[in-house]
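The values are calculated or read from the model by the stated rules, or taken from the named source; none is laboratory data. No experiment lies behind these values; they were computed from the predicted model shown. Heads up, the Cβs are rebuilt from the backbone with ideal geometry, glycines too, and the neighbour counts pull from every protein chain shown.
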Amino acid sequence: MNIPAVESYIQDVVLHDCEPLVRQDRLGTIPLILAAKLQPAILFRVFDLIICASTRKRLEDHANCRGAAECPLQDVPLPYQLSFKCKVLDEHGIRTGTTPKDVGFKQDHVPHDSVDVQNLLDRDARLRDHLRKALCPSDNARQCLNCLLGPLRFDEGQNSKQLIDSQSFRVMLEFCPDEVFLRADPISHYTPLQLAITLFKSPKLKYALLFEVIKSLVERCPFSMFSDGEHNSKRMKAYQLLCSSKTDENQETIEECKEWLKKKCIGYSQKKADEVTGELVTDSLWDEKEELLYWDAKIEKQFWLNLCGESVVLDQFYIDTITAQSGLRHKLETVLDIVRLPYWNKTPDKAQRYESEESLSGNSKTNEGVDDSRNPHQNPYVHIFNWLWDTCKVRKIFTLDVDDGGMEPHTNAAIRRSLQGPDAKFQDEPSSTRSFDIEVWKWKKFDICSDTLAAAAPKAREVHLFSSGNIAVLKDWASKAGLARLPLLEKVYVEIRSQYKDDEADCVGYETTFRTKLRKRCPKLADHNNIQFSIFNSSGSLVGAQAETKSNTTSNKESALHQQRPKPKQWVEELAAFRGFLTNLQLPQDEEAVRARAVKVAILDDGARIEGLKGTQVGKTFDSERREYFAGKCNHGTEMARCVRQICPMAELYIARLDTSRKSDPSNKFTIESCVKALKWALELDVDIISMCWSFERNPSDEYKKRFEELANKIHATGRPILFGSLPDEGPTVNISSFAPVGLEGVIKISSATDGGAVSDANTLAQFDFLFPGEKIVISNHEICEGSSFATAYASGLAALVLYAFKTYNQLCDHIDNTDAAARLEAARTETGMRDIFQTLAKAQGGEGRFVRPTLVIPSEFNRKLQAQKSHLITVINRLMPMDSTYQRYRNRT
């Protein structure tokens, strides 16, 4: 049988009358679906008849036809030219029945108006309508996809007519309803994307073809990446399925597919209505992306970098600091959704710089060899991008957002060096050593050079440009040598802020010309809304529009009691001897031993700055803007972290930056949703202690507050990790049980105490478990503050110090029964165990709400001789946990 002839005949029949192809026969069978099962080549030839959307638009727009070389009829599928009799005019102006092919269509121009285009478009529309109706019932579309996504359609031993045709398959997907891609098939229990990915486990397939089909499925319905196919199920999603497909035969293709899928996931966003204004805003789906890519917290990475809020120059010294102390170097993904940087020169006062020019670089030249001796910190972001490329191995940045609108912006050359490498040239030459493949450009440098933009972001889809009103720059952007050099450009946003009325008038007059030239030279900018042109006058008002109103009502509730720094608190000083004793112990230094005695403390707050913390910490941001956990204003969390480190300098800190946006509930310091996510994050990292120095009113009807309580109850049921919560300090008569986390069962309730160990006035009648220092606390900027949050941080630090002692005891005292030592440690790691230890330290076992005074139990002096170390440690452990207390109860239970 002549298969090509059969396929051609079927195409002719379908063009004449396509209804029989999609109509059920007496047995309820639809020929189109039967073809998918038995003869996919026939199915694909039908979809080959569809005229693509761009060609349809050109056919409808006669102005686009300028002779045979550009006539859209050339892109019409060949069967239309052979079977559909497009009528043309002869030399006398009389219509004939010949086709464009018959008159040498591609050799000479055919007047577009002489072709009966409307009939051609009508047939295409009718075919589209019937195909859509045939596949519109999700069951029909699912049957087709299930037939096409089987191993047979990719088998390298099969005849090509039985294999899937990736191009035709892509067209077919347009006619399938969205539901098909998001819901699992009731038989296979997979979505089409999941089903395709499972084929990687099958041997001897055309894996490159399978990869192309997976690309088509994701591009047709990107959100299918985030679907497991069943609501609230625990089934693996697409990326996780792909990671589990490990075989020697096709591992190279799998790795390529994983990288592509990760990139598509990180770069995906969608529009949604803002909860407050109702306007459509971009939702980056960061939570969904994290859940998809990092289902295990141990493999979690960060796909953004947001340093906005920093008030120091982000230069090489800053990069060295965060590399050494933040843990960010190993945490950043190779693909970043956004890089957001503030204006670099926030501290013009030289005295506020970290180090002198000599200590930073050793000479007066930057790494790029350009003499910046007049200002040694000019163009500092070259260092950041060098770090991202060389150290963090970042190879893709979807959105670059840099505020460079101050008095000392980066030079054009520095921007090129930042993004192209140190050998960047004036124009976009192939000699550049790197490309971050930027798609959305928001580098706020006024009047940026077109050459810089074309060189630094040649694949930009969206650009935001800022002008000072210089009409020559606008003309440069609109010229053939300007934005027209960006072949993928789809959206342009121009913001003009003119200081002079004459420049403002010139820009207003040039706006129409600017739009016209750009649309002519950039085909994807044809839509009117794809170019937005905003002109502001010197007072900041939109020209010809009402005054712009911007509400910047951010609230700062930071403590501000400016006084001279007093002497360190006696309570902290009293622990110095014990800290020093533990620090100087002769301990095993192999990696396994160091990890075994590590104490993990999670601080859930507004983040923490890393300067002065004297150690290495890691963190994660749950902020709605995804600011780094250590960037910008995070005063409260910083002080909490320092309090913990004051007591236990060896503690490993896991710092969560909670969301302070509070749009839905301004009464809370943080959004409860971010509190829930941060608590889950800390649990996944298996921390020992969680410090929560804040509170909110309980409300069982609130979804996220309910989730938070459920998580806390789950922790209480297991006894680990140890939860500390601070009292709200809202007066002596407040009902603590109406607040969370402090009012929840299983959370150790901490109140602030005076210097004399009495409860603070704000909590005199409140229910609490223990008192810790919380008044006249000196913070890092020499201010004096107070509150139960400081007391809670001290409690967390003391618990960490105690746990470190028990873990050390477990390592050093090898002559003691291992089971005995392990049981003591396991008891100390529980909520009940730590309560008993604190009661011992307060000399009030079985009592409630007493001031914790460690030195009443822990010796204040230690013999540093090696032979005395073990005996000292045994003495301390026995005092903290007597044999007849928690340890014995724990051992009996186990």
**OP:** Only residues in segment 18-39 that are free of Cβ contacts under 8 Å to residues at least 24 places away in the same chain count as the first member; pair them with residues that are part of a loop (DSSP other than H, G, I, E, B), Cβ under 6 angstrom, at least 6 apart or cross-chain, and list the lot.
**Re:** Gln24/Ile30
Subject >> Every residue from segment 672-708 that is touching a helix residue (DSSP H, G or I) at 6+ places or on another chain (Cβ under 8 Å) and in a loop (DSSP other than H, G, I, E, B) >> reply: Leu685, Asp688, Cys693, Trp694, Arg698, Asn699, Pro700, Asp702
Original post:
From the set of residues in segment 167-191 that are among the aliphatic types (A, V, I, L, M) and in a loop (DSSP other than H, G, I, E, B), which is surrounded by the fewest Cβ atoms within 10 Å (Cβ to Cβ)?
Top reply: Ile187
Original post:
Could we say that Leu59 is within 28 Å of Leu149 (Cα to Cα) and modelled with pLDDT of 75 or more here?
Top reply: no
Original post:
So which helices (runs of 4 or more DSSP H) stay within segment 376-483 end to end and still have 2 or more residues that are more than 28 Å from the chain's Cα centre (by Cα) and in contact (Cβ under 8 Å) with a residue 12 or more places away in the chain?
Top reply: 412-420, 450-456, 471-478
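From Ser860, Ser871, grab the single residue that is in a loop (DSSP other than H, G, I, E, B) and modelled with pLDDT under 85. Lay out the reasoning, then the answer.
Values: Ser871 fails: in a loop (DSSP other than H, G, I, E, B).
Selected residue: Ser860, the only one of Ser860, Ser871 that is in a loop (DSSP other than H, G, I, E, B) and modelled with pLDDT under 85.
Output the number of residues of segment 616-671 satisfying the condition of being closer than 30 Å to Tyr343 by Cβ and not in a strand (DSSP E or B). Explain how you work it out, then say what you get.
Residues of segment 616-671 that are closer than 30 Å to Tyr343 by Cβ, as a first pass: 616-642, 653, 655-663, 666, 669-671.
Checking the rest, the ones that are also not in a strand (DSSP E or B) come to 616, 622-642, 658-663, 666, 669-671.
Matching residues across segment 616-671 total 32.
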Subject >> Residues (within 25 Å of the chain's Cα centre (by Cα) and closer than 25 Å to Thr253 by Cβ) located in segment 177-198 >> reply: Phe181, Thr191, Leu193, Gln194, Ile197
**OP:** Working carefully through the options Asp817, Asp836, Asp761, Asp769, find the one that is modelled with pLDDT of 85 or more, charged (D, E, K, R) and more than 22 Å from Ala651 (Cα to Cα).
**Re:** Asp769
Subject >> Residues (under 19 Å from Arg132 (Cα atoms) and surrounded by fewer than 16 Cβ atoms within 10 Å (Cβ to Cβ)) located in segment 7-26 >> reply: Val13, His16, Asp17, Glu19, Pro20, Arg23, Gln24, Asp25
Subject >> Checklist (1) under 20 Å from the mean Cα position of the chain (by Cα); (2) modelled with pLDDT under 85; (3) closer than 21 Å to Leu193 by Cα; (4) not polar (S, T, N, Q) applied to Lys298, failing item >> reply: (3)
**OP:** Restrict the check to segment 157-173 and report whether at least one residue is in contact (Cβ under 8 Å) with a residue 24 or more places away in the chain and over 25 Å from Leu38 (Cβ atoms).
**Re:** no
Original post:
Filter segment 569-608 for residues that are within 15 Å of Ala651 (Cβ to Cβ) and without any contact (Cβ under 8 Å) to a residue 24 or more places away in the chain; which is surrounded by the fewest Cβ atoms within 10 Å (Cβ to Cβ)?
Top reply: Arg595
Subject >> Selected residue (only one of Glu504, Glu511 is in contact with a strand residue (DSSP E or B) (Cβ under 6 Å, 6 or more places away or on another chain) and farther than 25 Å from Leu336 by Cα) >> reply: Glu511
**OP:** Give the residues of segment 388-420 that are closer than 13 Å to Thr334 by Cα and either surrounded by fewer than 21 Cβ atoms within 10 Å (Cβ to Cβ) or of a type in the set (Gly, Ala, Ser) (or both), sorted by residue number.
**Re:** Trp389, Asp390, Thr391, Cys392, Lys393, Arg395, Lys396
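Select from segment 709-765 the residues that are of a type in the set (Asp, Glu) and assigned to a helix (DSSP H, G or I) and write down the one among them that is nearest to Leu856 (Cα to Cα).
Asp761
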Original post:
In this structure, is Arg657 surrounded by 24 or more Cβ atoms within 10 Å (Cβ to Cβ) and of a type in the set (Lys, Arg)?
Top reply: yes
Original post:
With respect to the numbered conditions (1) surrounded by 20 or more Cβ atoms within 10 Å (Cβ to Cβ); (2) of a type in the set (Val, Ile, Thr); (3) free of Cβ contacts under 8 Å to residues at least 40 places away in the same chain, which one is the sole condition not fulfilled by Thr764?
Top reply: (1)
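Of everything in segment 688-743, what is acidic (Asp, Glu) and closer than 29 Å to Arg642 by Cβ? Give them in sequence order.
If the condition is that a residue be acidic (Asp, Glu) and closer than 29 Å to Arg642 by Cβ, then Asp688, Glu697, Asp729, Glu730 are the ones that fit.
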Subject >> segment 331-352 residues that are over 28 Å from Trp260 (Cβ atoms) and modelled with pLDDT of 90 or more, paired with ones that are hydrophobic (A, V, I, L, M, F, W, C) and not in a helix (DSSP H, G or I) (beta carbon under 7 Å, 6 or more apart) >> reply: Pro342/Leu307; Pro342/Cys308
Subject >> Criterion: at pLDDT 75 or above and either of a type outside the set (Phe, Trp, Tyr) or closer than 20 Å to Ile164 by Cα (or both) - qualifying residue of Pro72, Pro100, Pro111, Pro79 >> reply: Pro72
Original post:
With segment 7-56 as the region, which helices (runs of 4 or more DSSP H) entirely inside it contain at least 1 residues that are within 41 Å of the chain's Cα centre (by Cα) and farther than 21 Å from Ser160 by Cβ?
Top reply: 31-38
**OP:** Go through segment 286-305 residue by residue and tally those that are in contact with a strand residue (DSSP E or B) (Cβ under 7 Å, 6 or more places away or on another chain) and either part of a loop (DSSP other than H, G, I, E, B) or basic (Lys, Arg) (or both).
**Re:** 2
Original post:
Looking at Lys206, is it modelled with pLDDT of 90 or more and more than 24 Å from Lys237 (Cβ to Cβ)?
Top reply: yes
Original post:
All but one of (1) closer than 30 Å to Asn668 by Cβ; (2) aliphatic (A, V, I, L, M); (3) in contact (Cβ under 8 Å) with a residue 60 or more places away in the chain; (4) assigned to a helix (DSSP H, G or I) hold for Ala805; which doesn't?
Top reply: (1)
